[in-house]
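So the structure is just underneath, and the comments pick up after that.
Please treat every number below as a calculation from the coordinates, not as lab data. Remember, it's a predicted structure, so these values are computed and weren't measured experimentally. Here the Cβ positions follow ideal geometry from the backbone for every residue, glycine too, while neighbour counts run over all protein chains shown.
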């Protein structure tokens, strides 16, 4: 069994960190289950409205599935030595960069974990790329940029490789300007703000850079930032692993903007064959936020480049009252049988 090197920062540095007054708003918490070496990142599948993540360290490491409320609904082995989970919206599929996806061979590379019709892990795998040579290292946890179909890859320093998702080749490299000591291997990307997001143990902060490496902004966090792995960015939220509570804490960094109500042109709710579908058509810019409320349960959605946002739910029954949280004048009641 190959073990990951984990730096025990607490043994090297003694410090007292108080909660920060300007710490960012916490969102959901994703508690990890048992079995594995080191936690990696998480990603959000907008089709199933589930979060996915897990441990790395060996091919048999556990993976997990959570619902939008943060409830863990499955513990399963995806049969991949996980490093980075990403969601590819154009293919509507999950993709994992494994350990040593850079060199590939055997069980390594860019791999699609199998899902059943309900979005749960099956343990089956499909190799998408036998190697991704443009990645910066064997341990990297790259973040996916769907608009440009590229991966952003870091190792321990501030250098970032930009890699073609289609063939794994290197496009270019850049350096995050004046970056402090960052969480090793980890990197996030907000596709609407088009910003790189990283974390640092120096003051427990998150930092944002543009895709040329220019500094943009930073935020204080009320959690002890890990020195390596255990960080990701998905569904408009930064997720940082909290060792004290054994899971990923989500944070809203405020990178996304709300969709003004007067730009919403159509709100439609349908339910057919127990499948609930909610659609908004608007003139809102790409990446605008909306929150759908279905019988009290909130789901955040983001508009695409045509101003459209949607939500789908399977196996729905009975009466449903669906509305837009930010624009309560949009509300419909529908019977799913």
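Values for this structure:
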{"item": "Rounded Å value of the spacing that divides the Cα centres of the range 88-147 and the range 182-197", "result": "18"}
{"item": "Spin-label model distance (nm) - residue 305 vs residue 244, 7 Å beyond Cα toward Cβ", "result": "4.4"}
{"item": "Candidates 154, 83, 72, ranked by Gaussian network fluctuation over the chain, Cα under 10 Å, top entry", "result": "72"}
{"item": "MRE, 222 nm, helices only [DSSP H, n ≥ 4, -39500 (n - 2.57), over the chain, to nearest 500]", "result": "0 deg cm²/dmol"}
{"item": "Share of pairwise Cα separations in the range 101-183, more than 22 Å, in percent", "result": "33"}
{"item": "For the chain, built as a Gaussian network whose Cα springs stay under 10 Å, the top-fluctuating residue of 66, 248, 219", "result": "219"}
{"item": "Value of relative contact order over the range 261-335, rounded to a whole percent, pairs C-alpha under 8 Å and six or more apart", "result": "31"}
{"item": "Zone residues, the range 74-109, relative to residue 149, backbone N less than 15 Å from point 7 Å out along Cα-to-Cβ", "result": "88-93"}
{"item": "Inter-centroid distance (Cα atoms) of the range 314-337 relative to the range 199-222, Å", "result": "39"}
{"item": "Cβ crowding within 10 Å averaged over residues, with 325-333, 296-304 ranked highest first", "result": "296-304, 325-333"}
{"item": "Cα-derived Rg over Rh, computed across the range 229-306 with Rh taken as Kirkwood radius", "result": "1.07"}
{"item": "Tensor-based shape of the range 159-266 (alpha-carbon gyration tensor, a/c under 1.5 rounded, otherwise prolate or oblate)", "result": "oblate"}
{"item": "At 0.692 mPa s and 37 °C, Stokes diffusion of the chain via Kirkwood alpha-carbon radius, µm² per second", "result": "160"}
{"item": "Length-normalised contact order for the chain - Cα pairs under 8 Å, 6+ apart - percent", "result": "12"}
{"item": "The range 261-335: mean projected area of Cα convex hull, nm²", "result": "4.5"}
